[in-house]
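Working notes for the structure below.
The values are calculated or read from the model by the stated rules, or taken from the named source; none is laboratory data. This one's a predicted model, so the numbers in the text were calculated from it and none came from an experiment. Backbone-built Cβ (ideal geometry, glycine too); neighbour counts: all protein chains shown. Just the protein is used for accessible areas: all its heavy atoms, side chains included, with ligands, DNA and RNA removed. Shrake-Rupley method; radii C 1.70, N 1.55, O 1.52, S 1.80 Å.
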Amino acid sequence: MSTDTLARLDEWPGLLNGEGKRWHYLDTAATAQKPRSVIDAMSQAMGTDYATVHRGVYTRSADMTLAYEAARRTVAALIGGREEELVFTRGATEAINLVAQSWGVSNLKPGDRVLLSQLEHHSNIVPWQLIRERTGLEIDVCPLTEDGHIDLDAAERMLTPAHKLVAFAHVSNVLGSVLDAPRAVALAHGVGAKILLDGCQSAARLPVDVAALGCDFYVFSAHKLYGPTGIGALWAKADILSAMPPWQGGGSMIDRVTFAQTTWAPAPQRFEAGTPAIVEAIAFGAAVDFLTGTGLDVIHAHEARLVALARTELGRLNAVRLFGPQDSAGIVSFALEGVHPHDLGTILDEENVAIRAGHHCAQPLMEHLGVPATARASFGIYSDESDVAALVRGIERTLRIFG
């Protein structure tokens, strides 16, 4: 598929600015723009198709329930899972918290250890710190290689039978470095630990097969893969999910309620208390249909070309310090000598270019890199060479301003 086809503006209304001109959007790692098919699916679900799910005996409610559960099957299939293994959550952050509060509280005790890495997003750090306060577990931190990958040689040396969980990002949201997931899974299982993979940056960029990987938990969010905000997913092996107690109580997650005792619905319904995000789930399914229709191999190759181009062009500028590996997945982080990333982001905005500037919810990684913040350009299937050119022009103007 050509770059021109991927970037058709009639398919991506969010890529037009207020003047009707092309907006150079380079913040896809934070949240992706939405294709017309997802917008239309959400509008239809909110309008002519709308009804609640799982409760109504009338036809439209039954139809909406079928559409909601079909979306679950579609989302599960994206990562090679089954529908009974996939829980809809408010996002990847809630998915990790669900694992921590349910599986973690039930299975972790004083003396147990959890292994994280130096590049984790705060959402894969803070929940385990909260559980540490409740259970007395210990947290270990795996270092990085020089080019910004999780150092699995170091992980192999660190892991012991006391480790009950390994929780790693599949793709770093700052560096774009891709985890050797099969080896990470093998190392965790080699000491009897479970492994959770944060797939927020990988699910929209790389083919994923959780069954082939053998991981125990996989989390991701809809809005980073061209779907709506406010919904994400936890995939877990069926036997693990079935053994986990509910985290929240309310309607839909019960079997029978009395004042003496309540029994729970089977997984995944056990973890979806209350009226779910119906419209968002259907749009989530539409986004996955869009992804699979485009082809993850096409998306990965397209973004790889843009990353290579961006790193080459930025590398020509002496004032630019690049972070992460050459083959980063869709993400290029950098610093500009003498210019704070927030100042760069402001000037680029004047040039109709949108980047992310800050610590990217990865402050321990910033400390490791020795910078307070970085500038981050991240690509999507709608990005093209003109975005890279606009970014470089904006940086050159910034350098002239700061002289």
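Determine which member of the set 354, 329, 308, 373 is in contact with a Ser or Thr (Cβ under 9 Å, 6 or more places away or on another chain) and not β-branched (Val, Ile, Thr).
Details: 354 fails: in contact with a Ser or Thr (Cβ under 9 Å, 6 or more places away or on another chain); 308 fails: in contact with a Ser or Thr (Cβ under 9 Å, 6 or more places away or on another chain); 373 fails: in contact with a Ser or Thr (Cβ under 9 Å, 6 or more places away or on another chain).
Of 354, 329, 308, 373, the one residue that is in contact with a Ser or Thr (Cβ under 9 Å, 6 or more places away or on another chain) and not β-branched (Val, Ile, Thr) is 329.
Out of (1) farther than 22 Å from residue 206 by Cα; (2) open to solvent by 40 Å² or more (accessible area, probe 1.4 Å), the odd one out for residue 326 is which?
All conditions are met except number (1).
Would you check if residue 221 is among the polar types (S, T, N, Q), touching a Gly at 6+ places or on another chain (Cβ under 8 Å) and either more than 16 Å from residue 114 (Cα to Cα) or at pLDDT 95 or above (or both)?
Details: among the polar types (S, T, N, Q): yes; touching a Gly at 6+ places or on another chain (Cβ under 8 Å): yes; either more than 16 Å from residue 114 (Cα to Cα) or at pLDDT 95 or above (or both): yes.
Answer is yes for this residue.
Being crowded, with 22+ Cβ neighbours inside 10 Å and either more than 16 Å from residue 339 (Cα to Cα) or among the basic types (Lys, Arg) (or both) is the filter here, so list the residues in segment 378-403 that pass it.
378, 379, 380, 381, 382, 383, 387, 388
Please report, ordered by residue number, the helices (runs of 4 or more DSSP H) entirely within segment 1-117 with at least 2 residues that are buried (at least 20 other Cβ atoms within 10 Å of the Cβ) and in contact with an Asp or Glu (Cβ under 9 Å, 6 or more places away or on another chain). Spell out how you get there, then give the answer.
Details: elements: 3-6, 36-46, 59-78, 92-99.
Ranges flagged: 36-46, 59-78, 92-99.
Pairs needed: first member in segment 138-149, touching a residue at least 12 places away in the same chain (Cβ under 8 Å); second member anywhere, of a type in the set (Lys, Arg); C-beta distance under 9 Å; at least 6 residues apart or different chains.
138/113; 138/132; 139/113; 139/132; 140/113
Here are some residues: 354, 319. Which one is touching an Asp or Glu at 6+ places or on another chain (Cβ under 7 Å) and either among the acidic types (Asp, Glu) or buried (at least 17 other Cβ atoms within 10 Å of the Cβ) (or both)? So that I can check it myself, show each step before the final result.
Values: 319 fails: either among the acidic types (Asp, Glu) or buried (at least 17 other Cβ atoms within 10 Å of the Cβ) (or both).
Testing whether each residue is touching an Asp or Glu at 6+ places or on another chain (Cβ under 7 Å) and either among the acidic types (Asp, Glu) or buried (at least 17 other Cβ atoms within 10 Å of the Cβ) (or both) leaves just 354.
Which of the helices (runs of 4 or more DSSP H) found entirely inside segment 127-222 contain at least 2 residues meeting this: of a type in the set (Asp, Glu) and more than 20 Å from residue 85 (Cβ to Cβ)? Explain how you work it out, then say what you get.
On the way: elements: 152-158, 181-190, 210-213.
Here the list reads 152-158.
Rundown of residues vs (1) part of a helix (DSSP H, G or I); (2) not aliphatic (A, V, I, L, M), yes/no style:
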{"site": "283", "(1), (2)": "yes, no"}
{"site": "286", "(1), (2)": "yes, no"}
{"site": "308", "(1), (2)": "yes, no"}
{"site": "317", "(1), (2)": "no, no"}
{"site": "329", "(1), (2)": "no, no"}
{"site": "335", "(1), (2)": "no, no"}
{"site": "342", "(1), (2)": "yes, yes"}
{"site": "366", "(1), (2)": "yes, no"}
{"site": "388", "(1), (2)": "yes, no"}
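What number of residues within segment 244-262 are out of contact with any Gly (no Cβ under 7 Å at 6 or more places or on another chain) and either touching a residue at least 12 places away in the same chain (Cβ under 8 Å) or open to solvent by less than 70 Å² (accessible area, probe 1.4 Å) (or both)? Before you say what the answer is, go through the steps one by one.
Of segment 244-262, the ones out of contact with any Gly (no Cβ under 7 Å at 6 or more places or on another chain) are 244-249, 253-262.
Filter once more, keeping what is either touching a residue at least 12 places away in the same chain (Cβ under 8 Å) or open to solvent by less than 70 Å² (accessible area, probe 1.4 Å) (or both): 244-249, 253-254, 258, 262.
Total meeting the criteria: 10.
Of the residues that sit in segment 203-243 and are over 21 Å from residue 106 (Cβ atoms) and of a type in the set (S, T, N, Q), which one is surrounded by the fewest Cβ atoms within 10 Å (Cβ to Cβ)?
Across segment 203-243, the extreme among qualifying residues is 229.
How about segment 307-359: which of its residues are under 17 Å from residue 369 (Cβ atoms) and without any contact (Cβ under 8 Å) to a residue 24 or more places away in the chain?
311, 321, 322, 337, 357, 358, 359
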